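The values are calculated or read from the model by the stated rules, or taken from the named source; none is laboratory data. Keep in mind it's a predicted model, so treat the numbers as computed, not measured. Ideal geometry is used to build each Cβ from the backbone, glycine not excepted, and the neighbour counts take in all protein chains shown. Each accessible area value is taken on the protein alone, full model and side chains, heavy atoms only, with ligands, DNA and RNA left out. Shrake-Rupley method; radii C 1.70, N 1.55, O 1.52, S 1.80 Å.
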Amino acid sequence: DLPAHDQFVLREIGLGTVCDLRGVAEREQRPTQLAGVRLLHLPIEPAIVARLQGAYAEGQTLTTDFAHEAMVQSYRNLILRWSPVLREMFQVLLATEHPLAFHCTAGKDRTGLVAALILSALEVPRATILQDYLLSQQYWREPPRAVPGISAEVLQVVNGVDAAFLSAAFDVIDTAYGGMAPYLQVQLGLGAAEYNALRRRYLES
């Protein structure tokens, strides 16, 4: 939905690649309209709203606590299920010389995790990464919407960010894969050469 002036700004900074993390239906509903860039689809299918609607259909009372736990589990699943796509994202980072953007629909969950992993690979402290992630509480608001069977209070949980969400992903990395370094190496393909290339490209001395 960017107006012409904003698209011009992106062209001026040399944006060359956009990695779209949205699922198939999300892209079909709102296709990207951005000329002059390479568009890569790296789909991570959304699950949280479908899970809540499924629970509601089965007679589950959808409380804010239920939604919070569902969000925590969704972040765990981003690591347990979608690491092959995350690996592709890092391959694109290593192969791209020009400015690159990556996004999902809300820009906080799938996008937030990818940002957290990139910063982790660049050895940014975890506390700083978490602080960066939580800035969405201050700077981003979900446009009002209604979802059948889901109250506004439950949607507020789903549409927000919480330290427990990203921490759940980190916990899976630590417990299931032995920590961030082994996870990045084995699951995301960052050996010594890739580490060095990533840091040369994205850090300033």
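Around G107, what is the net charge, scoring Lys/Arg as +1 and Asp/Glu as -1 over all other residues with Cβ under 14 Å from its Cβ?
-1
Please report, in debye to the nearest 20, how large the charge dipole of the stretch 36-93 is about its Cα centre when each Lys and Arg carries +1 at its beta carbon and each Asp and Glu carries -1 there.
The calculated dipole for the stretch 36-93 is roughly 280 debye.
For F102, which sequence-distant residues (separation of 5 or more, or a different chain) have an amide H within less than 5 Å of its own amide H, given hydrogens modelled in the peptide plane?
Under 5 Å from the amide H of F102: C19.
Taking trypsin sites (Lys or Arg not before Pro) as exposed when DSSP calls them loop (any state but H, G, I, E, B) and at most 10 other Cβ atoms lie within 10 Å, what is the longest stretch of the chain free of them, the sites themselves excluded?
Excluding the exposed sites themselves, the longest stretch runs over 1-140.
Rounded to the nearest 5, what is the percent of antiparallel bridges among the DSSP beta bridges in the chain?
10
Please give the charge dipole size of the stretch 31-147, origin at the Cα centre, charges +1 on K and R Cβ atoms and -1 on D and E Cβ atoms. Round to the nearest 20 debye.
My answer is approximately 100 debye.
Measuring with a 1.4 Å probe in the full set of protein chains, what accessible area per residue, in whole Å², belongs to the stretch 107-205?
53
Keeping the other protein chains in place, figure out the carbon and sulfur percent of the accessible area of the chain, with a 1.4 Å probe.
54
Between M71, M180, M89, which gets the highest mean-square fluctuation from a Gaussian network model of the chain, Cα cutoff 10 Å?
Comparing M71, M180, M89 in the GNM, the peak value goes to M180.
Mind listing which GluC sites (Glu not before Pro) in the stretch 70-147 are in a DSSP loop and have 15 or fewer other Cβ atoms within 10 Å?
Loop-located and lightly packed - E97, E123.
What helices does the chain have that are whole DSSP H segments, at least 27 Å long along their own axis by Cα, and with mean Kyte-Doolittle hydropathy of -1.0 or more?
Span-like helices, by this rule, are 64-95.
Which of rounded, prolate, oblate describes the stretch 21-125, given a ≥ b ≥ c as roots of the alpha-carbon gyration tensor eigenvalues and a/c under 1.5 marking rounded, otherwise prolate only if a/b is larger than b/c?
In terms of gyration-tensor shape, oblate.
Once the dipole of the stretch 1-151 is set up with Lys and Arg at +1 and Asp and Glu at -1 on Cβ about the Cα centre, which of L2, A116, G14 lies farthest towards its positive end?
Positive-end residue among those listed: A116.
Give me the extension gain from R87 to A197: residue separation times 0.36 nm, minus the current Cα-Cα distance, reported in nm with one decimal.
Difference between extended and current length: 38.1 nm.
Taking the solvent-accessible surface of protein heavy atoms with a 1.4 Å probe, what is the per residue accessible area of the stretch 32-81 in Å²?
Per residue, the stretch 32-81 has 58 Å² of solvent-accessible surface.
If you put +1 on each Lys and Arg Cβ and -1 on each Asp and Glu Cβ, how big is the dipole of the chain around its Cα centre, in Debye rounded to 20?
Once rounded to the nearest 20, the dipole reads 360 debye.
Let me check I've understood the local charge: for P31, count other residues with C-beta under 15 angstrom from its C-beta, Lys and Arg +1, Asp and Glu -1. What total comes out?
-1
Given the options S151, S136, S120, state which has the largest fluctuation in a GNM of the chain using a 10 Å cut-off (strictly under) for Cα springs.
Taking springs between Cα atoms under 10 Å, the residue moving most is S151.
Taking a quarter of the surface of the Cα convex hull of the chain, what do you get in nm²?
12.5
Over the stretch 1-132, what is the relative contact order in whole percent, taking alpha-carbon pairs under 8 Å and six or more residues apart?
The normalised contact order for the stretch 1-132 reaches 32 percent.
Spin-label point model (7 Å from Cα, Cβ direction): what's the T175 to Q131 distance in nm?
2.8
For the stretch 107-205, what's the radius of gyration and Dmax over Cα atoms, in angstrom?
Just the Cα atoms of the stretch 107-205 yield Rg and Dmax of 16.1, 52 Å.
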